[in-house]
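Note sheet for the following structure.
The values are calculated or read from the model by the stated rules, or taken from the named source; none is laboratory data. Keep in mind the model is a prediction, meaning the values are calculated, not measured. Virtual Cβ from ideal backbone geometry, glycine too; neighbours counted across all protein chains shown. Note: accessible area is taken over every heavy atom of the protein model, side chains too, but ligands, DNA and RNA are not part of it. Shrake-Rupley method; radii C 1.70, N 1.55, O 1.52, S 1.80 Å.
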Amino acid sequence: MTTTSADLFPSDQHANPRWVARAVGLLVLWAAWTFAIAAVLLVTGTAGRSSDWLVAVVAMLTALAPTWLVVRAARRRWALMAGSAVVLLGLGLALGTLGGPSLARMTSVGASLPVATGAQLMTTASVENALCMQECSRVVHLYAVPDPGAAQSEVGAGLVASGWRAENAGGFCRDGFGVTFVDGADAAVVDPPAAPTGLELMSVVTTDCGHI
């Protein structure tokens, strides 16, 4: 059995094009609301964590209120509401994974990381990428150390002791943030300084946990 718009809406509404205008207006409202939530998540850099998926989902589901005003006179109003809820739920889940932690939060986390014995901070650099698709924002602390391998082991041990989780890729994760090491200067460092005599450069990179 094929369902048509005549099955969903009463005959008087089917003959009256006002329900079409209302449906189009509702879709425009959904689009605007989705854009607004995405903008907030990207600006605040709070996406990517389970709690923020919940916030995004709840925010999107509030659009069910105006949706009910549009479909309440439909014959299959509850089917339409269920379908709308599924769509809005999917949009909320997608928005929850749209971005990563903000650059400001990464900078704060990077500044609090353990420092290897004898390490000299040469410079810091950052790259902002709010969308967090191919890569996320990253903050780089470039150090000069006597032995990069020993320094990485020491900092890694300090991270684990502070509650960070060691990953198979050689990085560390905690609360959605990721830390990894790069021998020499990371690509985010433009015109890196030369290491003092007897020392070598090592980068400590703070980024999103999913992109270490």
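Check which residues have an amide H placed less than 5 Å from Phe177's amide H, if you skip close sequence neighbours.
Long-range HN contacts for Phe177: Cys209.
Which ³J(HN,Hα) values in Hz, rounded to whole numbers, follow from the phi angles of the range 164-170 under the Karplus curve 6.51 cos²θ - 1.76 cosθ + 1.60, where θ = phi - 60° and Gly and Pro get x?
Using θ = phi - 60°, the values come out as 7, 9, 6, 10, 5, 6, x Hz.
Select from the range 114-189 those GluC sites (Glu not before Pro) which occupy a DSSP coil region and have at most 15 other Cβ atoms within 10 Å, ordered by residue number. Mind showing how you got there, number by number?
Values: sites: Glu128, Glu135, Glu154, Glu167; in loops: Glu128, Glu135, Glu167.
Passing sites in the range 114-189 are Glu128, Glu135, Glu167.
If you take the square roots of the eigenvalues of the alpha-carbon gyration tensor of the range 72-125 and sort them as a ≥ b ≥ c, do you get rounded (a/c under 1.5), prolate (a/b over b/c) or oblate? It would help to have the intermediate numbers written out before the result.
Numbers: a/c = 7.69, a/b = 5.96, b/c = 1.29.
The shape class here is prolate.
Give the calculated FRET efficiency between Arg165 and Arg77 to the nearest 0.05, with a Förster radius of 45 Å applied to their Cβ-Cβ distance. The partial results should precede the final answer.
Numbers: r = 47 Å, r/R0 = 1.05.
About 0.40, to the nearest 0.05.
For labels at Leu69 and Val115 in the simple 7 Å Cα→Cβ model, what's the distance in nm?
5.7 nm
With the crude spin-label approximation of a point 7 Å out along Cα→Cβ, what separation in nm comes out for Thr62 versus Asp183?
Once both label points are built, they end up 5.2 nm from each other.
For a quick protection proxy, order the peptides 81-87, 185-191, 104-110 by their average other-Cβ count within 10 Å, most packed first.
Values: 81-87: 14.0, 185-191: 15.9, 104-110: 18.0.
With the highest mean Cβ count within 10 Å placed first, the list reads 104-110, 185-191, 81-87.
Calculate what fraction, in whole %, of the accessible area of the range 66-212 sits on carbon and sulfur atoms when a 1.4 Å probe is rolled over the protein chains.
Details: 4060 of 7290 Å².
Carbon plus sulfur share of accessible area: 56 percent.
Work out, step by step, the length gained on full extension between Ala39 and Ala157: first 0.36 nm times the residue separation, then minus their alpha carbon distance; give nm to one decimal.
38.7 nm
Calculate, for Asp147 and Thr123, the FRET efficiency according to 1/(1 + (r/R0)^6) with r their C-beta to C-beta distance and R0 22 Å; round to the nearest 0.05. Intermediate results must be reported in sequence, preceding the final value.
Working: r = 20 Å, r/R0 = 0.92.
The value I calculate is 0.65.
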